[in-house]
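What follows is a single structure, written as structure tokens, with notes after it.
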Amino acid sequence: MKVDTVLLYYITDRTAFPGDEPTRRLRLLQKIAEAASQGIDYIQLREKDLSTRDLESLAHEATDVLRRLRTENRELRTALLINSRTDVAIATCANGVHLRSNDISPQEVRAAWQGSCGAGAPAREIQPRAPLIAISCHSPEEVAKAAANQATLAVFAPVFEKKHTQPMGLEALRQACQAKIPVLALGGVTLQNAQSCLQAGAAGIAAIRLFQENEIAKIVRQLRS
């Protein structure tokens, strides 16, 4: 499924930053602010080692960063997705969730989301009415299933590389992109090979290192040029 502009999806990994935990959290929040200010469409908070309490705290800080940026720029549309934790996404007024391929279904996410409305939390009035739902997919069949379940988008991986995993390659990506849902390419995507993913039909690029280890303005400019 083609879209009008290249979608960009930054997946966080604060453990890749040097320093102690407070320093890494600060660096991550700065990178989130940088990504949002440069027009990244989606940020997936993927800090799987954190306890529920610490993840919720970090998610609150991230949503505060995005909210502050939106007061300065009403055109900012960056969405925050929480990896796998619908409960944390609801509690922190994130925009949605990223589901693993073996996670709960999009229908279950939407049911939990709707059930939370009117629960009395002060922030509920700014909770998105419908969650954005991204799903990790590893085959064209999984992408088709995500589309049938009315997910917002699919993140197809690994296209080129992932440790201990056979890459799917561009032909599988091309087949996956026949589904009626935006498909983003993930896994060893670089500035050098991103164009081949887009030519295969990908609606955009998802990455950790590409965004986190580089000046995001430069990456965005090259991917969307």
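Of the residues that make up the stretch 62-82, is at least one in a strand (DSSP E or B), under 17 Å from the mean Cα position of the chain (by Cα) and among the small types (G, A, S)?
yes
With Q44, Q30 as the choices, which residue is part of a strand (DSSP E or B), under 29 Å from Q195 (Cα atoms), modelled with pLDDT of 95 or more and not aliphatic (A, V, I, L, M)?
Going through Q44, Q30 in turn, the sole match is Q44.
With the condition kept exactly as written, say whether any residue in the stretch 79-90 is at pLDDT below 95 and either out of contact with any strand residue (DSSP E or B) (no Cβ under 8 Å at 6 or more places or on another chain) or of a type outside the set (D, E, K, R) (or both).
no
Working carefully through the options Q175, Q150, find the one that is assigned to a helix (DSSP H, G or I), farther than 25 Å from R67 by Cα and touching a residue at least 24 places away in the same chain (Cβ under 8 Å).
Q175
For the structure I just gave you, tell me whether G19 is farther than 26 Å from E142 by Cβ, outside any strand (DSSP E or B) and over 16 Å from the mean Cα position of the chain (by Cα).
yes
Any residue that is among the small types (G, A, S) and more than 20 Å from A207 (Cβ to Cβ) - is there at least one of those in the stretch 18-26?
Yes, the stretch 18-26 has at least one match.
Could you list, in sequence order, the residues of the stretch 8-44 that are free of Cβ contacts under 8 Å to residues at least 12 places away in the same chain and on the phi > 0 side of the Ramachandran plot?
Within the stretch 8-44, G19 is the sole residue that qualifies.
Residues are listed down the side, and each one gets a yes or a no for (1) under 28 Å from P18 (Cα atoms); (2) touching a Ser or Thr at 6+ places or on another chain (Cβ under 8 Å); (3) buried (at least 16 other Cβ atoms within 10 Å of the Cβ):
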residue	(1), (2), (3)
A148	no, no, no
T152	no, no, yes
F156	no, no, yes
E161	yes, no, no
G169	no, no, no
R174	no, no, yes
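Has the stretch 156-179 got at least one residue that is within 15 Å of the chain's Cα centre (by Cα) and farther than 20 Å from I219 by Cβ?
no
The values are calculated or read from the model by the stated rules, or taken from the named source; none is laboratory data. The shown structure was predicted, so the numbers you read here are calculated from the model rather than taken from an experiment. Note that we place each Cβ from the backbone using ideal geometry, even for glycine, and neighbour counts take in every protein chain shown.
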